[in-house]
Amino acid sequence: MNYKGMNKNKIFNIGIWLVFTILFLRLFQVQILKHKYYYELSLKNYLKPLKLHAPRGDIYDRKGKLLAHWEPVFRVSLIPDLIPPEGLKKLKEILGRLDVDPETLKIKSNYITIKTGIPFHKALIIEENYEEFPSVVVDADPSRVYYPQFNYLSHIIGYVGEASQEEIEKFNLSPGDVVGKSGVEAVYDTILRGRDGYRFIAMDSKGAIVDLNPRPPIPPVKGKSLRLTIDSDLTHYIDSLFLPYKKGACVVYNPITGDIYSLYSKPYFGSSLIKLRWEDYLKDPSSPLINRTIQGLYPPGSVFKPISALIGLASGKIERNTVFYCPGSYRFGRRVWKCWKSSGHGSLDLIQAIAQSCDVYFYQLGLTVGLENFLNILKDFRLPIKTGIDLPGEYQVLLPDVDYYRKKYGDYGFTEGYVMNLAIGQGEVLLTPIWIAVVTGIIANRGVSAIPHLLADHNPGYIKWDLPREDFEIVREGMLQVIKGEHGTASFLYSPQFSFAGKTGTAQNPHGKDHSLFTCFSPYDNPQIVITVVVENAGHGSEAAAPIAAKILERWYEKK
């Protein structure tokens, strides 16, 4: 017998069975154990997800007036590596400037939106020539709508734009997604944005679409709507009062609840025009993109004198009945420091010095307290450098301290003359209108005021200023006499119909005419509203800012 041949046959048969066993096990693994994995992998070869953007939530004012909405528009999306250069070139010719950053077009494998808001006839051109544009899809996309009649609210509402790479990574977004860029659109973006969905598109290896709905879509979920504390009608009225002026800001705020009734900055921009006019806005010398209520840093002028009065009282060197004489100027060293009233105010106590805004009185107050003591007390007040309002980009105010002066001027420049400037709100101190409004609220409510906010139904935090109640009462009385007193700087605004207290201010401006400032609160006994007005290049506080504030207050009482 041929045993050698039999062994070869046996080995061959065993090998055949072994190969089939391996193949069977491999098929079992592929078809059974890893069926889901390979099925999903195969889907990726011909199924491409197209993101369905969620409609952003609506934005309303405090009375329910719609300020920002959304509407469906045509959009164009594509997969960059599936469209040839000539196809992309022709698309650009049809669509004009694309909405995406050129870097976004380097994203190869996924759908990106390149243009939204295209007119119907352009959508039709693309659809009729679909063979030239592999992977391109034209469908509906929710687009943000801003109403031009509310442009005066643009700094509050803000605008949306394509997410940057930093925002994509921070919020786990995709290239081409839209996010809030400024205003409440930015602060409350995650609330307004909602949850995106997907539809799935089947295509062949060349990018030609073979089925627009091969599997059910995942529907998007609309973002939540917001109701703001803003009164759009009141702000529109304020806008009309600013018609004679080119630049300025106004804050109307409730110091008890923190509600902001108006936050007005002029000039403003058009939220709906931000894409088209971005470069124009950037180059505009009037800086319409700057929100002057939270980003305008102004020397406060005499509006700072109530704070100087509180510093004097806290030092123990100044009392309610402390009297200084004003002949119209004050000589210190080799310089003569003038009062705004050249004929002088005569002898004044602290309350009348606030009411008549006597510069000479506050020069002497500052010198009596002393520069270093003045700065240290101001620092000990622990006033915030930001109000904490729910808007992005609020600037810090500048409240200088001893270290600031020594660093800037050195020991030889650290002279008592600086305190004279500080005491009247000039020199190094720089404040924002929103900060002035909040501190006015603190004085009005004798040491406490709510943090300002724009979101309605909000539980506010509070800013406290721990000083004796009688010190606040002295300053409040001085601010009341600004309006009610015979010689008050805004006595012409007195009305028996409602009580209010305030302070005029004129801030020196090295670049032109002085800025006009005024801040006030009402009612006097139980303050519920603070109004702060800054009118750039408009002269004395009593000439421009104070009349505007009085008209706003009158309108507020009428509507109330």
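The values are calculated or read from the model by the stated rules, or taken from the named source; none is laboratory data. Small disclaimer: the values here were computed from a predicted structure and weren't measured. A quick note on method: Cβ atoms are made from the backbone with ideal geometry, for glycine too, and the neighbour counts reach across all protein chains shown. These accessible areas exclude ligands, DNA and RNA; they are computed on the full protein's heavy atoms, side chains included. Shrake-Rupley method; radii C 1.70, N 1.55, O 1.52, S 1.80 Å.
Could you check how many residues of the range 125-152 are aromatic (Phe, Trp, Tyr), open to solvent by less than 30 Å² (accessible area, probe 1.4 Å) and either within 30 Å of residue 193 (Cα to Cα) or part of a helix (DSSP H, G or I) (or both)?
The first filter runs over the range 125-152 and keeps only residues aromatic (Phe, Trp, Tyr), leaving 130, 133, 146-147, 150, 152.
Checking the rest, the ones that are also open to solvent by less than 30 Å² (accessible area, probe 1.4 Å) come to 133, 146, 150, 152.
Retained after the next criterion (residues that are either within 30 Å of residue 193 (Cα to Cα) or part of a helix (DSSP H, G or I) (or both)): 146, 150, 152.
Final tally of qualifying residues: 3.
Which numbered condition in (1) under 30 Å from residue 454 (Cβ atoms); (2) open to solvent by 60 Å² or more (accessible area, probe 1.4 Å) is the only one that residue 121 fails?
Among (1) under 30 Å from residue 454 (Cβ atoms); (2) open to solvent by 60 Å² or more (accessible area, probe 1.4 Å), the lone unmet condition for residue 121 is (1).
Of 389, 354, which residue is under 36 Å from the mean Cα position of the chain (by Cα) and not in a loop (DSSP other than H, G, I, E, B)?
Numbers: 389 fails: not in a loop (DSSP other than H, G, I, E, B).
Exactly one residue qualifies, and that residue is 354.
For the range 499-525, give me the residue count where each residue is surrounded by fewer than 24 Cβ atoms within 10 Å (Cβ to Cβ), more than 14 Å from residue 557 (Cα to Cα) and not aliphatic (A, V, I, L, M). Steps first, answer last, please.
Narrowing the range 499-525 to residues surrounded by fewer than 24 Cβ atoms within 10 Å (Cβ to Cβ): 499, 507-514, 522-525.
Then keep just the ones that are more than 14 Å from residue 557 (Cα to Cα); that gives 507-514, 525.
Cutting the leftovers down to not aliphatic (A, V, I, L, M) gives us 508-514, 525.
So the count comes out to 8.
Yes or no: the range 548-558 includes at least one residue that is part of a loop (DSSP other than H, G, I, E, B), in contact (Cβ under 8 Å) with a residue 40 or more places away in the chain and buried (at least 18 other Cβ atoms within 10 Å of the Cβ). Even if it seems obvious, please write down each step before you answer.
Of all residues in the range 548-558, those part of a loop (DSSP other than H, G, I, E, B) come to none.
Among the residues of the range 548-558, not one is part of a loop (DSSP other than H, G, I, E, B), in contact (Cβ under 8 Å) with a residue 40 or more places away in the chain and buried (at least 18 other Cβ atoms within 10 Å of the Cβ), which makes the answer no.
Can you name the residue in the range 181-227 that is part of a strand (DSSP E or B), open to solvent by 70 Å² or more (accessible area, probe 1.4 Å) and touching a Pro at 6+ places or on another chain (Cβ under 8 Å) and, of all such residues, is nearest to residue 58 (Cα to Cα)? Write out each step before concluding.
Of the range 181-227, the ones part of a strand (DSSP E or B) are 195, 197-203, 209-211, 218, 221, 226-227.
Next, from what is left, pick out any that are open to solvent by 70 Å² or more (accessible area, probe 1.4 Å): 195, 198, 210, 218, 227.
After this cut, where a residue has to be touching a Pro at 6+ places or on another chain (Cβ under 8 Å) as well, the list is 195, 198.
Working: 195: 15, 198: 22 Å.
Going through the qualifying residues, I end up with 195.
Every residue, every condition in (1) in a helix (DSSP H, G or I); (2) not charged (D, E, K, R), yes or no:
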position: 50; (1), (2): no, yes
position: 62; (1), (2): no, no
position: 71; (1), (2): no, no
position: 99; (1), (2): no, no
position: 121; (1), (2): yes, yes
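Kindly check whether there is at least one residue in the range 286-298 that is within 17 Å of the chain's Cα centre (by Cα), of a type in the set (S, T, N, Q), assigned to a loop (DSSP other than H, G, I, E, B) and farther than 30 Å from residue 380 by Cα.
Initial filter on the range 286-298 (within 17 Å of the chain's Cα centre (by Cα)): 287-297.
Applying the additional criterion that residues be of a type in the set (S, T, N, Q) yields 287, 291, 293, 295.
With assigned to a loop (DSSP other than H, G, I, E, B) added as a condition, the list becomes 287, 291.
When the remaining residues are screened for being farther than 30 Å from residue 380 by Cα, the result is 287.
Yes, the conditions are met somewhere in the range 286-298.
Has the range 163-174 got at least one residue that is more than 20 Å from residue 71 (Cβ to Cβ), surrounded by fewer than 22 Cβ atoms within 10 Å (Cβ to Cβ), free of Cβ contacts under 8 Å to residues at least 40 places away in the same chain and of a type in the set (Lys, Arg)?
Checked against the condition, which is being more than 20 Å from residue 71 (Cβ to Cβ), surrounded by fewer than 22 Cβ atoms within 10 Å (Cβ to Cβ), free of Cβ contacts under 8 Å to residues at least 40 places away in the same chain and of a type in the set (Lys, Arg), the range 163-174 yields at least one hit.
Of the conditions (1) within 25 Å of residue 424 (Cβ to Cβ); (2) open to solvent by 70 Å² or more (accessible area, probe 1.4 Å); (3) basic (Lys, Arg); (4) in contact with a strand residue (DSSP E or B) (Cβ under 9 Å, 6 or more places away or on another chain), residue 275 fails just one. Which one is it?
(1)
Take the residues in the range 414-446 that are open to solvent by less than 10 Å² (accessible area, probe 1.4 Å) and not in a helix (DSSP H, G or I), then tell me which one is nearest to residue 251 (Cα to Cα).
By that ranking, first place goes to 432.
Residue by residue through the range 62-118, note down the ones that are touching a strand residue (DSSP E or B) at 6+ places or on another chain (Cβ under 7 Å), closer than 24 Å to residue 168 by Cα and of a type in the set (Lys, Arg).
75, 115
Filter the range 299-340 down to residues that are touching a helix residue (DSSP H, G or I) at 6+ places or on another chain (Cβ under 8 Å), part of a loop (DSSP other than H, G, I, E, B) and surrounded by fewer than 21 Cβ atoms within 10 Å (Cβ to Cβ), then give me how many there are.
Qualifying residue count, the range 299-340: 9.
Suppose we filter 262, 225, 272, 232 for residues that are touching a residue at least 24 places away in the same chain (Cβ under 8 Å), touching a Gly at 6+ places or on another chain (Cβ under 9 Å) and of a type in the set (S, T, N, Q); which single one remains?
Going through 262, 225, 272, 232 in turn, just one is touching a residue at least 24 places away in the same chain (Cβ under 8 Å), touching a Gly at 6+ places or on another chain (Cβ under 9 Å) and of a type in the set (S, T, N, Q): 225.
What number of residues in the range 461-483 are out of contact with any Phe, Trp or Tyr (no Cβ under 9 Å at 6 or more places or on another chain) and either open to solvent by less than 40 Å² (accessible area, probe 1.4 Å) or part of a helix (DSSP H, G or I) (or both)?
Initial filter on the range 461-483 (out of contact with any Phe, Trp or Tyr (no Cβ under 9 Å at 6 or more places or on another chain)): 461-464, 468-471, 473-475, 477-478, 481-482.
Then drop every residue that is not either open to solvent by less than 40 Å² (accessible area, probe 1.4 Å) or part of a helix (DSSP H, G or I) (or both), which leaves 461, 463, 469-471, 473-475, 477-478, 481-482.
Total satisfying the criteria: 12.
When you look at residue 496, is it open to solvent by 20 Å² or more (accessible area, probe 1.4 Å), at pLDDT 95 or above, more than 25 Å from the chain's Cα centre (by Cα) and not polar (S, T, N, Q), yes or no? Walk me through how you get there before you give the answer.
Values: open to solvent by 20 Å² or more (accessible area, probe 1.4 Å): yes; at pLDDT 95 or above: no; more than 25 Å from the chain's Cα centre (by Cα): yes; not polar (S, T, N, Q): yes.
Criteria not met by residue 496.
For residue 255, state whether it is at pLDDT 95 or above, over 21 Å from residue 288 (Cβ atoms) and either assigned to a loop (DSSP other than H, G, I, E, B) or open to solvent by 60 Å² or more (accessible area, probe 1.4 Å) (or both).
Numbers: at pLDDT 95 or above: yes; over 21 Å from residue 288 (Cβ atoms): yes; either assigned to a loop (DSSP other than H, G, I, E, B) or open to solvent by 60 Å² or more (accessible area, probe 1.4 Å) (or both): yes.
Answer is yes for this residue.
Only one residue in 72, 102, 55 is under 40 Å from the mean Cα position of the chain (by Cα), modelled with pLDDT of 90 or more and open to solvent by 70 Å² or more (accessible area, probe 1.4 Å). Which one?
72
Give me the pairs: first residue in the range 405-434 and farther than 26 Å from residue 339 by Cα, second residue open to solvent by less than 40 Å² (accessible area, probe 1.4 Å) and assigned to a helix (DSSP H, G or I), beta-carbon distance under 6 Å, and six or more apart or on different chains, which are they?
Close Cβ pairs (under 6 Å, with a partner that is open to solvent by less than 40 Å² (accessible area, probe 1.4 Å) and assigned to a helix (DSSP H, G or I)) amount to 434/293; 434/294.
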